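To start, the structure itself, in structure tokens.
The values are calculated or read from the model by the stated rules, or taken from the named source; none is laboratory data. Just so it is clear, the structure is predicted and the values come from calculations on it, not from any experiment. All accessible areas refer to the heavy atoms of the entire protein, side chains included, with ligands and DNA or RNA removed. Shrake-Rupley method; radii C 1.70, N 1.55, O 1.52, S 1.80 Å.
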Amino acid sequence: MSGKTRVINNTVAENSASAHLQDPRWQAVVSCDANADGKFVYAVKTTGIYCAPSCPSRQPNPENILYFDDAEAAEQAGFRPCKRCRQGLISLAQFHAQRVAQACRLLERSADMLTLNQLAAEVGISAYHFHRLFKAQTGVTPKEYQQAQRARRVREKLTDSATITEAIHAAGYPSDGRFYETSAATLGMTPQNFRSGGRDVRVWFAVGKSSLGDILVAESQRGICAILLGDDPEQLINELQNSFPQAELLGGDADFEQRITLVVGFVEAPQIGLDLPLDIRGTAFQQRVWQALRDIPPGNTASYAEIATKIGSPKSVRAVAGACAANLLAVAIPCHRVVKTGGNISGYRWGVERKRSLLAREEKG
């Protein structure tokens with residue numbers, strides 16, 4: 001081959017490589033752009049495999065790839081589908097979402113506790129990777145999700161089983177002792193009280209005044225179970241009744257009035273702390289969010305996204321906001337310290353102005 005021919009061939013190769021690099025489809029492949037999924041697939045000549053743009057496989061050389069409009073066209077050209085990105089037919093994110101949903105259905109149907117390895121094998125993902133995916137998408141670990149489902153089943157069984165023991169075993173608990181270890185947290189009361197519709201559960205309450213308006217404080221046998229703020233005492237009592245529909249609501253005695261004073265003082269100056277037991281009732285996810293809120297010091301704030309990241313579920317921003325809205329313990333669980341990204345104040349169960357007031361007094365304190 002003459003030197004002139006080699007120069008011409010090198011120039012052609014360089015022009016071809018340059019054209020590949022400038023192709024917007026190549027940029028989608030380089031960045032694993034899920035938005036490009038469904039618009040085309042790319043095939044690698046050296047492996048005989050085609051992939052979706054979002055496939056996380058090792059980046060091929062640009063001169064070794066071909067582009068096709070869809071998977072069918074790639075297969076007609078003799079290429080095999082990539083197993084890692086689900087044959088180029090759906091994005092990896094979609095595949096993961098489907099597998100997590102499949103796992104949730106398995107956990108909801110199974111009375112037995114499945115191990116992480118068993119669950120991961122069922123959905124075809126490695127145990128380590130699956131654990132991370134499940135927590136990121138649901139906000140809880142597979143074990144916590146199973147525990148919540150078992151708690152749901154025992155609540156259902158307690159209402160229609162002949163005995164409490166029968167309900168416990170039908171719900172999937174391996175022994176009575178294992179259930180009774182967590183029954184108070186699971187039911188918020190004893191199994192006997194739950195079985196009777198909560199008729200024997202007592203909640204003492206009183207309504208007082210604070211600089212933020214009316215304040216209702218309620219206490220169960222386990223601790224302070226509600227701190228509600230508002231402008232209408234009757235509305236606050238209705239809110240309490242809706243939150244504890246089966247409980248017997250009782251007016252507080254003299255000792256309880258003293259605890260009311262402590263709670264009001266705490267609401268006025270959160271930095272002093274509240275040295276009273278709390279009866280915190282919520283799902284596993286809500287409990288994790290609420291604990292993260294309690295870790296925010298007075299005078300500081302965090303965004304919903306930051307809380308989601310802190311609890312290990314960065315995609316659960318909306319669920320974090322929902323947990324804040326479900327909080328019954330104003331100030332004690334300081335959902336007022338959660339703001340929008342950028343610091344904008346919005347969303348508070350007891351009114352945005354109260355949220356502003358609480359944050360302002362904490363900044364001064």
Self-check item: Eligible lysines near Lys39 by straight Cα distance, threshold 21 Å, same-chain separation 8 or greater
Solution: Lys83
Practice problem: For the stretch 229-334, evaluate the Debye formula with one uniform point scatterer on each Cα (no solvent term) and list log10 I(q)/I(0) at q = 0.13, 0.17, 0.18, 0.25 Å⁻¹, rounded to two decimals. | Solution: -0.58, -0.96, -1.05, -1.43
Quiz item: Can you give the relative contact order of the stretch 252-318 as a percent, counting alpha carbon pairs under 8 Å and 6+ residues apart?
Solution: 19 percent
Quiz item: Among Trp290, Trp204, what's the order by accessible area (1.4 angstrom probe), most exposed first?
Solution: Trp204, Trp290
Practice problem: Give me the accessible area of Thr283, 1.4 Å probe, in Å² rounded to the nearest 10. | Solution: 80 Å²
Quiz prompt | Reachable lysines, given that their alpha-carbon falls under 20 Å from the alpha-carbon of Lys143 and they are not under 8 places away in the same chain | solution = Lys135, Lys310, Lys315
Quiz prompt | Accessible area expressed per residue, the stretch 302-365, with surrounding protein chains retained (probe 1.4 Å, Å²) | solution = 45 Å²
Self-check item: Equivalent-ellipsoid semi-axes of the stretch 279-365, from the Cα gyration tensor, Å, largest first
Solution: 19, 14, 12
Quiz prompt | Mean Cα-pair separation over length for the stretch 224-340, i.e. relative contact order, pairs under 8 Å, 6 or more apart, % | solution = 33 percent
Quiz prompt | Cα pair distances in the stretch 325-365, grouped into 10 Å bins until the bin that holds the longest one, percent each | solution = 30, 60, 10
Self-check item: Alpha-carbon Rg with Dmax, taken over the stretch 29-151, Å
Solution: 17.3, 57
Quiz item: What's the carbon and sulfur percent of the stretch 245-365's accessible surface, probe 1.4 angstrom, rounded to a whole number?
Solution: 51 percent
